[in-house]
1. If you go through segment 195-212 one residue at a time, how many are modelled with pLDDT of 95 or more and closer than 20 Å to residue 169 by Cβ?
2. Which of the residues that make up segment 267-276 are under 20 Å from residue 134 (Cα atoms) and out of contact with any strand residue (DSSP E or B) (no Cβ under 7 Å at 6 or more places or on another chain)?
3. Please state which one of 341, 356 is modelled with pLDDT of 80 or more, farther than 26 Å from residue 143 by Cα and in contact with a strand residue (DSSP E or B) (Cβ under 8 Å, 6 or more places away or on another chain).
4. What number of residues within segment 131-162 satisfy the criterion of being more than 22 Å from residue 212 (Cβ to Cβ), in a loop (DSSP other than H, G, I, E, B) and under 18 Å from the mean Cα position of the chain (by Cα)?
5. Check residue 21 against each of (1) farther than 24 Å from residue 244 by Cα; (2) loosely packed, with under 13 Cβ neighbours inside 10 Å; (3) in contact (Cβ under 8 Å) with a residue 12 or more places away in the chain and name the one condition it does not meet.
6. Among the residues of segment 24-37, which ones are farther than 13 Å from residue 6 by Cα, in contact (Cβ under 8 Å) with a residue 12 or more places away in the chain and touching a helix residue (DSSP H, G or I) at 6+ places or on another chain (Cβ under 8 Å)?
7. If you take the residues in segment 284-319 that are touching a helix residue (DSSP H, G or I) at 6+ places or on another chain (Cβ under 7 Å), in a loop (DSSP other than H, G, I, E, B) and under 30 Å from residue 333 (Cα atoms), which one is modelled with the lowest pLDDT?
8. So if I check each of 334, 281, which one is outside the structural domain of residue 118 (by TED's automatic domain parsing) and at pLDDT 85 or above?
């Protein structure tokens, strides 16, 4: 059973012209999602909705049976995650304009907090294919989740490498999760469902039209701590993902390529402009403090947070604080503070930028 608001998130997701910003204004004006869904034309206008969007909402409301749509998703094995759901991906929740609803085939997991997007051209060179396979394989072997877009070329190689390494991989689609694209990758999509997830914010049954792919790239970068570009031409769609990653405050890595290669123009330019150079998975693991991803993942699952940990974690931010100051504010004895901070650090929830000073773990 879904929370009551899920059906309304689903309904608004079916309305063209109502994205996260407009939905937030509607809810603020009407007081709740349910009230916004049932609002009349006067209330919609008062919330700043133009005539076209208002008409689309009224038409969708008259046409769609929300309970039937929920049942349809269940029949297809598709889970719906909303911003209100604790299972909604933490990294994605943090981006500006996070999608209010995502559709998931397969399963997302807490380990997806340790994810890197691997993207690039649809027509990689032999060098690009080998680089994509090696880096994605080695990232997956280090318990890093590989996120990509299921497209031909670098995306396909990255997903296959992660699966071959026995790791998790997530594919973000520019179509409904029931219509993975391209058709030649449908078997790969089913393997990903078994070992990760297909994710989309497009409604079920949405065809893979060209206009869908640029906006889906914000989810690829949003699910990831960093975006790695393996090979990209001057106008590559992978560079759109880079733009979203930078807007979201996420790291960007690029694989250097031959100066005479058209497929490497985009990557070489990214490196010139400040992207981190990636020669191996080790470069990425070191820069992102992901070398202990598997240890941190196991610690989070095996060591549940106790009240002391929760109290201390609530006092951490990006500003370094001495352990004694944290302990005094929490009202806890020094031995309990030291023990709890050690566990938070092991879980990757806290780190020491300087001895005895703590900040929140990297997002």
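1. The number of residues fulfilling the criteria is 8.
2. If the condition is that a residue be under 20 Å from residue 134 (Cα atoms) and out of contact with any strand residue (DSSP E or B) (no Cβ under 7 Å at 6 or more places or on another chain), then 268 is the only one that fits.
3. 356
4. 2
5. Result: residue 21 fails condition (1) only.
6. 26, 29, 30, 36
7. Top of the filtered list is 303.
8. Every option except 334 fails the conditions.
The values are calculated or read from the model by the stated rules, or taken from the named source; none is laboratory data. None of the values given here were measured: they were computed from a predicted structure. Please note: Cβ atoms are built from the backbone with ideal geometry, for glycine as well, and neighbour counts cover all protein chains shown.
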